Amino acid sequence: MTRELKHPQHQKECQMKTKPQSDKQVISTLCDAQYDFIPHKLRKLLSENIHPDALCRYFHPIGDVKTDLLYDKVYIPLHLALPDFERRDIICVAGIDDDGISWVGTAGYFIGTFVQAFMKIPPTGQIAHIRFHEFYKFKAGKIIEIQAVWDIPSLMMQAGVWPMGPSLGYEWLAPAPATQDGINISQQGKTGTDKNKKIVLDMLTAMSKHPKYGGAEIMQLEKFWHPKFCWYGPSGIGSSRGISGFRNYHQIPFLKAMPDRGQHPEDTNHHFFAEGQYVAVTGWPNMSQTLTGDGWLGIAPTNQKINLRSLDFWRIENQKIRENWVMIDLLDIWSQLGVDVLSRMRQLAIPRTYPSQIPSGIDANVR
């Protein structure tokens, strides 16, 4: 019998393709442990799969967390607030970025009965959800970095204590992919991975030309976006449908407030990767721009540069973007501008959380 000899370059390419799938299995196991939530099992898996010196970066106000404190800082408070919680993933994408680094990106929800305060957000006693986008960077089979944003503003809205302005877009539970294949991406669809990634990169390049180099037409939106595309933004911005919805409820206000979008690459970093018809990007931060113009999200223009952490997924259909899931750490943006959203929320929550502190209207100390 003769044995087929594989070229070293072919072997390397095979390893590059199989490694992300192996890392994806690690994340799948972690996610499964959060679906049924067995505390000791999750704690053990976190210890086994995350490097002791990993950089664990979470949304404001949690911030960076040491690996050995991750379970206590992140999952215990969630479990106390939603003791019957379960994790439901709707997207899981694995791939290699331009630096040859393996990444796995996930999107989904934590769902449970909200019975105890979370970050002092008052409980409702009813079912509640917290949307998340989480990205994991791997090296030698171990997680060496986590970038995670949870949609905390959504939980405030569900509790009726959102202290900031109303969303321009529609607030709802952003759905799973229309094709229902965000977790088990078909092998057939994986043949177009590189082409789909290029579609997204070309779209972002075209978008960055407006408004500095021309009007809205320079973005060629019709070329890249499906006429029925859905844009699923974070709570505080909301979702929209089609080019007119996207422009009116997100992009135009965004660019009026920060027209220098994409002009400060030295302050940002990007990690793009793709699997089949899905493309993902993360960066901490991956946008940097100056708040001017009309202001944004009810924030007056400050002429201050802000950094944005945006963790995104796109689904490509027939060479056009049909769906786009976007998660931005909005609480961190407000914090950079000196606005403590959680403190404002606590003032709204006082009547529910501490009824005895409601003023009677008569102050005995005032004569």
I'm a student and want to see the number: the projected area of the Cα convex hull of segment 178-315, averaged over all directions, in nm².
8.7 nm²
Cα gyration tensor of segment 220-282, axes a ≥ b ≥ c as square roots of the eigenvalues: rounded (a/c below 1.5), prolate (a/b > b/c) or oblate?
oblate
Sequence gap at least 6, Cα distance under 8 Å: using those rules, report the relative contact order of the chain to the nearest whole percent.
15 percent
For the chain, build the convex hull from the C-alpha positions and give me its volume per residue in Å³.
177 Å³
Round to the nearest 0.05 the FRET efficiency obtained for A206 and L337 when R0 = 30 Å and r is the Cβ-Cβ distance.
0.55
Here D for segment 241-332, in µm²/s, from Stokes-Einstein with a Kirkwood Rh over Cα pairs at 4 °C and 1.567 mPa s, works out to 90 µm²/s
Given 37 °C, 0.692 mPa s and a Kirkwood radius over Cα pairs, the Stokes-Einstein diffusion coefficient of segment 112-271 in µm²/s is 175 µm²/s
Kirkwood Rh, Cα Rg: Rg to Rh for segment 129-182?
1.11
Using only Cα atoms and rounding to the nearest 10 degrees, what angle (0 to 90) does helix 39-49 make with the longest principal axis of the chain?
50 degrees
Where Rh denotes the Kirkwood radius from the mean inverse Cα pair distance, what is Rg over Rh for segment 43-109?
0.99
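Throughout, read-outs are computed from the coordinates displayed, never taken from laboratory work. If you're wondering where the values come from, they're calculated on a predicted model, not measured in any experiment. Please note: Cβ atoms are built from the backbone with ideal geometry, for glycine as well, and neighbour counts cover all protein chains shown.
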